[in-house]
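**Student:** Handing you a structure now.
Values in this text are rule-based calculations from the coordinates and carry no lab data. Only a predicted model underlies this, so the values are computations on that prediction, with no experimental measurement involved. Note: ideal-geometry Cβ built from the backbone for every residue, glycine included; neighbour counts use all protein chains shown.
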Amino acid sequence: MKQGLFISFEGIDGAGKSSHIDGLAQAFKAQGRAVTSTREPGGTPLAEKLRGLVLNDVMDPLTEALLIFAARRDHLQQVIEPALARGDVVLCDRFTDATFAYQGAGRGFDVNVLSTLEGWVQQLPDTAAQDSIRQPDLTLWFDLPPQAAAARLAGARVPDKFEAQPIEFFTRVASGYAHRAAEQPQRFARIDATPARHKVWQQLTQVLVRKGWLSIMVAANSGPMG
Ligand code: TMP
């Protein structure tokens, strides 16, 4: 059986991840891989309920962080770990880097507390590997200036609690992603999300082809949806 692959997608709101996630799901399927597409906060019935609270209700920063990590724990146990154990490609729209970027850098919440929660929640099921935690094999970080992201989002839909934040918030979130990427360069691939969608797609598929996870043929014959 093929080894599972865990790929997360990150970036500020409006960076344009979604159509590329759908495109990559199709590309991996065309290569005969089973794909689990999921998202955070969410991905299970319980975590989707918590998502509704986190995105819509006003709460203090610790409550918010606890709910996000509670949702993550359920998601890992119910969906992500079983899918990786089956050998699926797991495509996850946001994961823990979003918590460091939004709650840590954006809201100014204590990143040491976030690191502690990360260690508890993402503990590997294999007890022999107690000092390492579950992280994506690859994080595709869609980097886009906050002004450009705001222009893309304007009028697109009713904003949730985060989307309604001012541009300064997203500037901090973007620097949070940059910081996390600098700390873990082996896991992060920065994608310049400014150009047209097909150019962004080319960058994404180049990363996956270079890793040997996607064939050049499949990459050339697939594209972002929508
Ligand atoms: P989405 O709109 O990309 O699905 O993301 C939902 C929102 O939740 C988005 O504004 C980012 C935010 N978020 C956090 O604040 N912390 C987190 O840990 C995650 C996963 C998302």
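**Student:** So for each of 99-106, 214-221, 161-168 I average, over its residues, the number of other beta carbons within 10 Å; can you give me the resulting order with the highest mean first? List each step's numbers first, then the result.
**Tutor:** Details: 99-106: 24.1, 214-221: 14.8, 161-168: 13.2.
Taking the mean over residues of other Cβ atoms within 10 Å, the ranking is 99-106, 214-221, 161-168.
**Student:** Take every Cα pair under 8 Å in the chain that's 6+ residues apart, average their separations, divide by the length, and report that relative contact order as a whole percent. Mind showing how you got there, number by number?
**Tutor:** Working: 348 pairs, mean separation 72.0, N = 226.
In percent, rounded to a whole number, it is 32.
**Student:** Going 7 Å from the Cα of Arg152 toward and past its Cβ, which residues in the range 183-203 have a backbone nitrogen under 12 Å from where you end up?
**Tutor:** Answer for the range 183-203: 191-201.
**Student:** For the range 149-226, what class follows from the C-alpha gyration tensor (a ≥ b ≥ c being the square roots of its eigenvalues): rounded when a/c is under 1.5, otherwise prolate if a/b is larger than b/c, else oblate? Walk me through the intermediate numbers first.
**Tutor:** Numbers: a/c = 3.14, a/b = 1.47, b/c = 2.14.
Oblate, since a/c reaches 1.5 and b/c is not below a/b.
**Student:** Then there's this: Hey, with R₀ at 41 Å, roughly what FRET efficiency would Ser175 and Trp120 work out to, going by the Cβ-Cβ distance, to 0.05?
**Tutor:** Details: r = 26 Å, r/R0 = 0.64.
FRET efficiency, Ser175 to Trp120: 0.95.
**Student:** Considering only the other residues whose Cβ falls under 14 Å of the Cβ of Asp22, what net charge follows from Lys and Arg at +1 and Asp and Glu at -1? Each step should come with its number before you reach the end.
**Tutor:** Numbers: positive: Lys17, Lys29, Arg39, Arg197; negative: Asp93.
Here the charged neighbours net out to +3.
**Student:** Summing -39500 (n - 2.57) over the DSSP H runs of n ≥ 4 in the chain and dividing by its residue number, what mean residue ellipticity at 222 nm do you reach, to the nearest 500 deg cm²/dmol? Can you show the working numbers first?
**Tutor:** Working: 9 runs with 101 residues, N = 226.
Value at 222 nm, helices only, nearest 500: -13500 deg cm²/dmol.
**Student:** Moving to a separate point now. On a 25 Å Cα-Cα criterion, which of the cross-link pairs Lys49/Lys211; Lys161/Lys199; Lys49/Lys199; Lys29/Lys199; Lys161/Lys211 come out too long?
**Tutor:** Numbers: Lys49/Lys211 36 Å; Lys161/Lys199 31 Å; Lys49/Lys199 36 Å; Lys29/Lys199 22 Å; Lys161/Lys211 37 Å.
Beyond 25 Å: Lys49/Lys211; Lys161/Lys199; Lys49/Lys199; Lys161/Lys211.
**Student:** Let me ask another. Given charges of +1 on the Cβ of Lys and Arg and -1 on the Cβ of Asp and Glu, with all other atoms neutral, how large is the dipole of the chain about its Cα centre, in debye to the nearest 20?
**Tutor:** Details: 24 positive and 24 negative charges, 159 e Å.
With Lys and Arg at +1 and Asp and Glu at -1, about 760 debye.
**Student:** Another one. What percent does the relative contact order of the range 92-195 come to when contacts are Cα pairs within less than 8 Å and at least six residues apart?
**Tutor:** Details: 88 pairs, mean separation 43.6, N = 104.
Computed value for the range 92-195: 42 percent relative contact order.
**Student:** When a/c is below 1.5 the answer is rounded, else prolate if a/b is larger than b/c, else oblate, so apply that to the chain with a ≥ b ≥ c taken from the square roots of the Cα gyration tensor eigenvalues. If you can, show how the numbers build up before the last one.
**Tutor:** Values: a/c = 1.62, a/b = 1.11, b/c = 1.45.
Oblate, since a/c reaches 1.5 and b/c is not below a/b.
**Student:** How far is it, in nm, from the label point at Ala220 to the one at Ala34 when both lie 7 Å from their Cα along the line to the Cβ?
**Tutor:** About 3.1 nm, to one decimal.
**Student:** Over the range 1-103, what is the relative contact order in percent, taking alpha-carbon pairs closer than 8 angstrom and at least six residues apart?
**Tutor:** Working: 142 pairs, mean separation 50.2, N = 103.
Across the range 1-103, relative contact order equals 49 percent.
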